[in-house]
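Where a number appears in this text, it was derived from the coordinates with a stated rule and is not lab data. All values reported here derive from a predicted model rather than from experimental measurement. FYI the Cβ positions are ideal-geometry reconstructions off the backbone, even for glycines, and counts take in every protein chain you see.
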């Protein structure tokens, strides 16, 4: 393997990393801006309604919720009565 082939492999790798990071930024910057805007709006509403929970705390709690949502299609068997009467 000569040095030019190694050089071109490095160039292709660097271009690939730049493209991936660029695509990630194209997606993430609007999401971050929208989140900041919603936080500002929620913060201004929170000034007038202080009983609301803090915005960032609600985001943190909603993301880490392990509570199962949606309809459970499993058939629940009745508990077995082990007592002999």
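Taking the Cα centre of each part, how many Å lie between region 35-49 and region 1-23?
Measuring centre to centre over Cα atoms gives 44 Å.
Multiply the residue separation of residue 12 and residue 44 by 0.36 nm, subtract the distance between their alpha-carbon atoms, and state the gained length in nm to one decimal. Numbers along the way, then the final one.
On the way: separation 32, 0.36 × 32 = 11.52 nm, distance 4.79 nm.
Extra length from residue 12 to residue 44 when fully extended: 6.7 nm.
Sorted by mean Cβ packing within 10 Å, highest first, what order do the peptides 32-42, 6-16 take?
For the peptides 32-42, 6-16, the packing ranking is 32-42, 6-16.
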